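Data block below; observations after.
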Amino acid sequence: QKLETVNFNEKLETIGAAAFSGCTRLTGDLVIPESVTSIGNSAFSGCTGLDGKLTIEGNAESTTIGSSAFYDCNKITALELGDGITIIGNGAFSDCSGMKGDLIIPDTVTSIGNSAFQYCSKLTTLILRNSTVCALSSTNTFSYTPFDSGKAGGKLLVPRDLVESYKTATNWSVIWG
(Lines give C-alpha, C1' and ligand atoms only; values in the text may rest on other atoms or scores of the structure.)
Protein backbone atom coordinates (compact mmCIF):
# COMPACT_ATOMS: atom_id res chain seq x y z
CA GLN A 1 0.00 0.00 0.00
CA LYS A 2 3.01 2.30 -0.04
CA LEU A 3 3.43 2.08 -3.83
CA GLU A 4 3.14 5.58 -5.32
CA THR A 5 3.94 5.09 -9.02
CA VAL A 6 4.06 2.22 -11.46
CA ASN A 7 5.54 2.03 -14.95
CA PHE A 8 4.96 -1.10 -16.97
CA ASN A 9 7.53 -2.85 -19.14
CA GLU A 10 6.50 -2.99 -22.81
CA LYS A 11 6.85 -6.79 -22.66
CA LEU A 12 4.32 -7.26 -19.87
CA GLU A 13 1.45 -9.47 -21.04
CA THR A 14 -0.71 -10.00 -17.96
CA ILE A 15 -1.64 -8.00 -14.89
CA GLY A 16 -2.85 -10.54 -12.37
CA ALA A 17 -5.96 -10.55 -10.23
CA ALA A 18 -5.78 -8.02 -7.39
CA ALA A 19 -2.17 -7.18 -8.35
CA PHE A 20 -2.46 -3.52 -7.27
CA SER A 21 -5.75 -3.71 -5.39
CA GLY A 22 -5.93 -1.22 -2.54
CA CYS A 23 -2.81 0.72 -3.55
CA THR A 24 -4.36 3.99 -2.46
CA ARG A 25 -1.13 5.97 -2.83
CA LEU A 26 -0.89 5.42 -6.60
CA THR A 27 -1.52 8.84 -8.17
CA GLY A 28 -1.53 10.56 -11.53
CA ASP A 29 -2.05 9.05 -14.96
CA LEU A 30 -1.84 5.30 -15.58
CA VAL A 31 -0.93 3.74 -18.92
CA ILE A 32 -1.43 0.03 -19.56
CA PRO A 33 0.81 -0.80 -22.56
CA GLU A 34 -0.42 -2.56 -25.68
CA SER A 35 1.60 -5.66 -24.79
CA VAL A 36 -0.94 -6.43 -22.04
CA THR A 37 -3.61 -8.91 -23.16
CA SER A 38 -5.25 -9.48 -19.79
CA ILE A 39 -6.04 -7.22 -16.86
CA GLY A 40 -7.15 -9.49 -14.02
CA ASN A 41 -10.18 -9.26 -11.81
CA SER A 42 -9.83 -6.46 -9.24
CA ALA A 43 -6.32 -5.66 -10.55
CA PHE A 44 -6.55 -1.98 -9.53
CA SER A 45 -9.68 -2.13 -7.41
CA GLY A 46 -9.74 0.51 -4.69
CA CYS A 47 -6.83 2.54 -6.07
CA THR A 48 -8.58 5.68 -4.89
CA GLY A 49 -5.51 7.88 -5.33
CA LEU A 50 -5.35 7.50 -9.13
CA ASP A 51 -6.39 10.99 -10.11
CA GLY A 52 -5.46 11.36 -13.76
CA LYS A 53 -6.19 9.76 -17.10
CA LEU A 54 -6.35 5.98 -17.46
CA THR A 55 -5.14 4.73 -20.84
CA ILE A 56 -5.49 1.10 -21.80
CA GLU A 57 -3.71 0.88 -25.13
CA GLY A 58 -5.16 -2.49 -26.14
CA ASN A 59 -3.42 -5.32 -27.94
CA ALA A 60 -4.13 -6.05 -31.59
CA GLU A 61 -4.59 -9.73 -30.72
CA SER A 62 -7.14 -8.91 -27.98
CA THR A 63 -7.21 -7.49 -24.51
CA THR A 64 -9.63 -8.47 -21.76
CA ILE A 65 -10.44 -6.19 -18.85
CA GLY A 66 -11.48 -8.35 -15.90
CA SER A 67 -14.35 -7.96 -13.48
CA SER A 68 -13.95 -5.04 -11.06
CA ALA A 69 -10.51 -4.31 -12.56
CA PHE A 70 -10.78 -0.58 -11.76
CA TYR A 71 -13.68 -0.67 -9.33
CA ASP A 72 -13.81 2.33 -6.98
CA CYS A 73 -11.00 4.23 -8.70
CA ASN A 74 -13.19 7.24 -8.08
CA LYS A 75 -10.69 9.97 -8.94
CA ILE A 76 -9.78 8.80 -12.46
CA THR A 77 -10.78 11.75 -14.65
CA ALA A 78 -10.74 10.20 -18.13
CA LEU A 79 -10.61 6.80 -19.80
CA GLU A 80 -9.02 6.06 -23.16
CA LEU A 81 -9.56 2.58 -24.55
CA GLY A 82 -7.37 1.52 -27.47
CA ASP A 83 -8.18 -0.85 -30.29
CA GLY A 84 -7.87 -4.52 -29.53
CA ILE A 85 -9.90 -4.47 -26.33
CA THR A 86 -12.54 -7.17 -26.75
CA ILE A 87 -14.21 -7.68 -23.38
CA ILE A 88 -15.00 -5.21 -20.62
CA GLY A 89 -15.85 -7.32 -17.58
CA ASN A 90 -18.57 -7.01 -14.96
CA GLY A 91 -18.08 -3.90 -12.83
CA ALA A 92 -14.78 -3.14 -14.59
CA PHE A 93 -15.11 0.64 -14.11
CA SER A 94 -17.93 0.69 -11.58
CA ASP A 95 -17.82 3.65 -9.20
CA CYS A 96 -15.25 5.55 -11.24
CA SER A 97 -17.31 8.61 -10.39
CA GLY A 98 -14.59 11.12 -11.31
CA MET A 99 -14.55 10.00 -14.95
CA LYS A 100 -16.12 12.72 -17.06
CA GLY A 101 -16.76 13.71 -20.64
CA ASP A 102 -16.77 11.35 -23.60
CA LEU A 103 -16.32 7.60 -23.44
CA ILE A 104 -15.33 5.99 -26.72
CA ILE A 105 -15.84 2.24 -26.99
CA PRO A 106 -13.53 0.91 -29.73
CA ASP A 107 -14.98 -1.22 -32.53
CA THR A 108 -13.10 -4.27 -31.25
CA VAL A 109 -15.20 -4.48 -28.05
CA THR A 110 -17.66 -7.36 -28.42
CA SER A 111 -19.08 -7.43 -24.90
CA ILE A 112 -19.63 -5.02 -22.01
CA GLY A 113 -20.40 -6.63 -18.66
CA ASN A 114 -22.97 -6.13 -15.95
CA SER A 115 -22.44 -2.88 -13.99
CA ALA A 116 -19.31 -2.12 -16.04
CA PHE A 117 -19.81 1.67 -15.85
CA GLN A 118 -22.25 1.88 -12.95
CA TYR A 119 -22.00 5.16 -10.97
CA CYS A 120 -19.87 6.88 -13.64
CA SER A 121 -22.26 9.78 -13.30
CA LYS A 122 -20.16 12.48 -14.99
CA LEU A 123 -19.90 10.81 -18.40
CA THR A 124 -21.70 12.94 -20.97
CA THR A 125 -21.29 11.11 -24.28
CA LEU A 126 -21.01 7.42 -25.09
CA ILE A 127 -19.58 6.72 -28.53
CA LEU A 128 -19.82 3.17 -29.92
CA ARG A 129 -17.67 2.58 -32.99
CA ASN A 130 -18.64 -1.04 -33.61
CA SER A 131 -19.63 -2.27 -37.07
CA THR A 132 -22.10 -4.64 -35.40
CA VAL A 133 -24.13 -4.25 -32.20
CA CYS A 134 -21.90 -4.72 -29.14
CA ALA A 135 -23.36 -7.17 -26.61
CA LEU A 136 -24.52 -5.55 -23.38
CA SER A 137 -24.76 -8.05 -20.51
CA SER A 138 -27.35 -6.22 -18.44
CA THR A 139 -29.69 -3.28 -18.29
CA ASN A 140 -27.71 -1.96 -15.30
CA THR A 141 -24.37 -1.65 -17.12
CA PHE A 142 -24.79 2.13 -17.13
CA SER A 143 -27.02 2.54 -14.07
CA TYR A 144 -26.62 5.78 -12.13
CA THR A 145 -25.16 7.50 -15.19
CA PRO A 146 -26.76 9.89 -17.70
CA PHE A 147 -27.43 6.76 -19.85
CA ASP A 148 -29.51 5.00 -17.21
CA SER A 149 -32.90 3.96 -18.61
CA GLY A 150 -33.06 6.72 -21.18
CA LYS A 151 -32.46 9.57 -18.72
CA ALA A 152 -31.95 12.94 -20.30
CA GLY A 153 -28.43 14.27 -20.30
CA GLY A 154 -26.41 11.48 -21.85
CA LYS A 155 -25.68 11.48 -25.55
CA LEU A 156 -25.36 8.06 -27.21
CA LEU A 157 -23.67 7.98 -30.61
CA VAL A 158 -23.60 4.85 -32.79
CA PRO A 159 -22.92 4.31 -36.50
CA ARG A 160 -25.91 5.57 -38.51
CA ASP A 161 -26.65 2.18 -40.05
CA LEU A 162 -26.92 0.59 -36.57
CA VAL A 163 -29.29 3.06 -34.89
CA GLU A 164 -32.40 0.92 -35.37
CA SER A 165 -30.52 -2.22 -34.32
CA TYR A 166 -29.36 -0.62 -31.06
CA LYS A 167 -32.87 0.65 -30.33
CA THR A 168 -34.17 -2.92 -30.27
CA ALA A 169 -31.07 -4.82 -29.11
CA THR A 170 -31.17 -6.77 -25.86
CA ASN A 171 -30.42 -4.45 -22.92
CA TRP A 172 -29.49 -1.50 -25.20
CA SER A 173 -33.17 -0.74 -25.78
CA VAL A 174 -33.43 0.47 -22.15
CA ILE A 175 -30.90 3.22 -22.83
CA TRP A 176 -32.91 4.52 -25.79
CA GLY A 177 -35.91 4.94 -23.47
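Under a Cβ-only charge scheme (Lys and Arg +1, Asp and Glu -1), can you give me the dipole magnitude of the chain about the Cα centre, in debye to the nearest 20?
Values: 12 positive and 17 negative charges, 107 e Å.
So the magnitude is around 520 debye.
Per DSSP helix of 4 or more residues, -39500 (n - 2.57); summed, then divided by the residues of the chain. What does that give at 222 nm, rounded to the nearest 500? Show your work: numbers first, answer last.
Values: 2 runs with 10 residues, N = 177.
Rounded to the nearest 500, it is -1000 deg cm²/dmol.
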Accessible area of the chain belonging to carbon and sulfur atoms, whole % at 1.4 Å probe = 46
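All other residues with a Cβ under 14 Å from the Cβ of residue 61 taken together, and with Lys, Arg as +1 and Asp, Glu as -1, what is their net charge? Show your work: numbers first, answer last.
Numbers: positive: none; negative: 13, 34, 57, 83.
Once all neighbours under 14 Å are counted, the net charge is -4.
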task = Keeping all protein chains in position, work out how much accessible area residue 122 exposes to a 1.4 Å probe, and write it in Å² to the nearest 10.
result = 110
key: Pairwise Lys count, the chain - Cα closer than 22 Å, eight or more residues apart or different chains   = 16
query = Once phi is turned into θ = phi - 60°, what whole-Hz ³J(HN,Hα) does the Karplus curve with 6.51, -1.76 and 1.60 give for every residue of the stretch 78-85, x standing for Gly and Pro?
reply = 8, 10, 10, 9, x, 5, x, 6
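Counting alpha carbon pairs within less than 8 Å and at least 6 residues apart, what relative contact order, in whole percent, applies to the chain?
Working: 559 pairs, mean separation 24.1, N = 177.
About 14 percent, as a whole number.
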note = Surrounding charge for residue 118, neighbours by C-beta under 10 angstrom, Lys/Arg +1, Asp/Glu -1, total -2
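So, for the stretch 65-151, what is the accessible surface per residue at a probe of 1.4 Å, expressed in square angstrom?
Numbers: 3140 Å² over 87 residues.
That works out to 36 Å² per residue.
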request  = Could you pull the accessible area for residue 155 with a 1.4 Å probe, rounded to 10 Å²?
outcome  = 120
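The values are calculated or read from the model by the stated rules, or taken from the named source; none is laboratory data. Everything numeric in this text was worked out from a predicted model, so none of it was measured. Glycine gets a Cβ as well: all are built from the backbone with ideal geometry, and neighbour counts include every protein chain shown. Just so you know, the surface numbers come from the protein's heavy atoms only, side chains and all, with ligands and any DNA or RNA stripped out. Shrake-Rupley method; radii C 1.70, N 1.55, O 1.52, S 1.80 Å.
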